[in-house]
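Peer 1: Have a look at this one.
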Protein chains: 2
Amino acid sequence: MMDAPATNQPHPLAQDETTAAAPGGREDIVSLMELLFFAYRDFISEPDAMLAELGFGRAHHRILHFVGRHPGLRVSQLLAILRITKQSLGRVLRELVDRGYVQQTEGATDRRQRLLHLTPAGRELLERLEAPQIQRVSAALEQAGPGSRAAFRQVLLALVDENERRRVAALCGLSVDDHRQEGDDAK
Amino acid sequence: MMDAPATNQPHPLAQDETTAAAPGGREDIVSLMELLFFAYRDFISEPDAMLAELGFGRAHHRILHFVGRHPGLRVSQLLAILRITKQSLGRVLRELVDRGYVQQTEGATDRRQRLLHLTPAGRELLERLEAPQIQRVSAALEQAGPGSRAAFRQVLLALVDENERRRVAALCGLSVDDHRQEGDDAK
DNA sequence: TAGAATACGTCAGTCATATTGACATATTTT
DNA sequence: AAAATATGTCAATATGACTGACGTATTCTA
């Protein structure tokens with residue numbers, strides 16, 4: 001059920017001295033890459049455990065998250081954000097709709113569109129899923145001291161593909177009021 | 001093949017004003033969480049594409065990485081690091097061994113152990129896989145300015161489960177010379 | 001207004017990675 | 001000699017991704 005069977009054993013390792021991190025050097029960067037792996041894994045672990053109890057997976061969480069943050073999201077936009085195929089999204093979204101966490105409404109001006117919203121149950125589930133993550137990130141920033149938040153944000157944003165960076169910044173930073181549409185049916 | 005079918009379309013979204021980030025507030029944290037998702041996804045994308053061409057997946061990369069960094073690693077240690085089951089590791093590791101990227105040698109003092117090493121081909125593949133990631137992280141740190149490296153590292157480490165933090169720090173930070181062993185066969 | 005394009009859904013098949021459970025084998029420890 | 005350990009393996013199952021093909025409702029456009 002849990003992501004981690006091993007909860008309390010140490011997994012100790014030798015590291016030869018040539019691997020020691022020279023500040024700014026290659027090994028230092030590789031250390032950060034490893035750390036990113038571990039941080040992401042633990043960051044994900046709590047919602048994963050809750051989702052498993054409901055018979056859901058990470059994919060359900062991602063949908064709940066983005067629909068929660070962008071009410072009225074269209075299916076095509078969600079596909080573009082998640083970068084998955086229509087077919088992959090299909091099943092997961094259907095489960096969320098069938099079980100009453102997500103609601104689809106016809107577009108007002110374009111009746112082909114299925115605008116996505118969370119139901120009250122969906123909002124509640126999302127809140128439960130993300131509470132531990134919000135707690136974890138808040139605590140980490142506090143521990144790392146003032147100014148770490150800005151630096152962390154900057155590095156993360158700079159890690160994003162350059163040609164995606166503006167969009168991502170708009171998506172999870174400043175408001176960009178815009179509802180344009182684009183091509184579909186990846187081929 | 002690629003992780004991303006959509007390469008050049010914008011995926012624009014409206015964000016209502018109540019969602020705007022108040023510095024240090026809840027929405028600000030949620031923004032960072034989203035950013036972590038996008039950053040991790042792009043960070044992973046290049047090796048993923050290369051691996052797909054070889055018929056490998058992310059799991060193969062993870063094994064190559066940890067074996068490369070910790071030559072002589074035992075299978076049980078790798079299981080503890082990756083937190084997967086023996087059975088999951090089994091197939092992936094076998095593929096790497098069969099195709100000549102990883103080599104197993106008998107333990108000198110305990111002949112039950114299969115100590116893991118990269119072959120020259122394994123080292124070469126790992127280098128190819130991680131070159132773009134090293135480049136990406138280096139560039140991001142440079143863009144984010146001096147001091148960002150330390151802050152980034154601190155936040156990532158603080159994101160790791162508290163009871164894991166020491167081990168992880170030892171694993172990907174300072175040298176901890178130690179080859180102890182522990183229980184196995186998660187149950 | 002007829003046909004093209006768009007938004008969405010769905011059926012069918014495949015793949016990679018993970019899971020649990022059970023068991024086999026070699027080796028070391030007690 | 002028996003128990004514990006380190007590893008490997010068979011079988012069945014689940015999730016989440018993929019490609020390809022097709023269907024249907026709706027809107028746009030020539």
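The values are calculated or read from the model by the stated rules, or taken from the named source; none is laboratory data. From a predicted model like this one, the values you see are computed outputs, not experimental measurements. Here Cβ is always computed from backbone atoms with ideal geometry, including for glycine, and neighbour counts include all displayed protein chains. Calculation scope for accessible area: heavy atoms of the full protein, side chains included, ligands and nucleic acids excluded. Shrake-Rupley method; radii C 1.70, N 1.55, O 1.52, S 1.80 Å.
Peer 1: At A:PRO71, label 7 Å along Cα→Cβ: distances to the other copies, nm, ascending?
Peer 2: 5.9
Peer 1: Indicate the gyration tensor shape class of segment A:113-170 (rounded, prolate or oblate), computed on the Cα atoms with a ≥ b ≥ c the square roots of the eigenvalues: a/c under 1.5 is rounded; otherwise a/b larger than b/c is prolate and the rest oblate.
Peer 2: Taking the square roots of the gyration eigenvalues as a ≥ b ≥ c, segment A:113-170 is oblate.
Peer 1: What part of the accessible area of segment B:25-130, given as a whole %, is carbon or sulfur when the probe is 1.4 angstrom? Before the final figure, lay out each step's value.
Peer 2: Values: 2230 of 4500 Å².
The nonpolar share, carbon plus sulfur, comes to 50 percent.
Peer 1: Under 5 Å between amide hydrogens, which residues at least 5 positions from B:VAL102 or on another chain qualify, with H placed 1.01 Å from N in the peptide plane?
Peer 2: Here the answer is B:VAL97, B:THR119, since their amide H atoms fall under 5 Å of that of B:VAL102.
Peer 1: Beta carbons within 10 angstrom, averaged per residue: use that to sort the peptides A:106-115, B:120-129, B:28-37, highest first. Write out the running numbers ahead of the final one.
Peer 2: On the way: A:106-115: 11.5, B:120-129: 16.2, B:28-37: 20.8.
The most tightly packed comes first, giving B:28-37, B:120-129, A:106-115.
Peer 1: Tell me the total accessible area that B and A bury against each other, 1.4 angstrom probe, in square angstrom rounded to 100. Intermediate results must be reported in sequence, preceding the final value.
Peer 2: Working: alone 14090 and 14090 Å², together 18490 Å².
Chains B and A together bury approximately 9700 Å².
Peer 1: One decimal, nm, shortest first: give the distances between the label point of A:GLY25 and those of the same position in the other copies, each label point 7 Å from Cα along Cα→Cβ.
Peer 2: 4.6
Peer 1: Quick check: pseudo-label points 7 Å beyond the Cα along Cα→Cβ at B:ALA121 and A:ARG26, how many nm apart are they?
Peer 2: Distance between the two pseudo-spin positions: 2.2 nm.
Peer 1: Please compute, for peptide B:50-57, the average count of beta-carbon atoms on other protein chains lying within 10 Å of each residue's beta-carbon.
Peer 2: What the average comes to for B:50-57 is 0.
Peer 1: When you look at the Cβ of every residue in B:135-141, what mean number of other chain Cβ atoms sits within 10 Å?
Peer 2: 6
Peer 1: Could you tell me which residue in chain A puts its beta carbon nearest the axis mapping A onto B, with the distance rounded to whole Å?
Peer 2: Its Cβ sits closest to the axis: A:ALA151, 2.
Peer 1: Another question about this same structure. Shielding of B:70-80 by partners, i.e. mean partner chain Cβ atoms within 10 Å per residue? It would help to have the intermediate numbers written out before the result.
Peer 2: Details: counts 5, 3, 3, 2, 1, 0, 2, 5, 2, 3, 8.
Mean partner shielding for this stretch: 3.
Peer 1: I've got another one for you. Defining a contact as two alpha carbons under 8 Å apart and six or more residues distant in sequence, what relative contact order in percent does segment A:25-172 show?
Peer 2: Values: 105 pairs, mean separation 32.3, N = 148.
Result for segment A:25-172 is 22 percent.
Peer 1: Still on this structure, please answer the following. Put a point 7 Å out from Cα along the line to Cβ at A:THR105; what are the distances to that point in the other copies, in nm, shortest first?
Peer 2: List, nearest first: 6.7 nm.
Peer 1: On to the next question. Given a Förster distance of 22 Å, report the FRET efficiency between B:GLN104 and B:ALA52 from their Cβ-Cβ distance, rounded to the nearest 0.05.
Peer 2: Efficiency computed from Cβ-Cβ geometry: 0.30.
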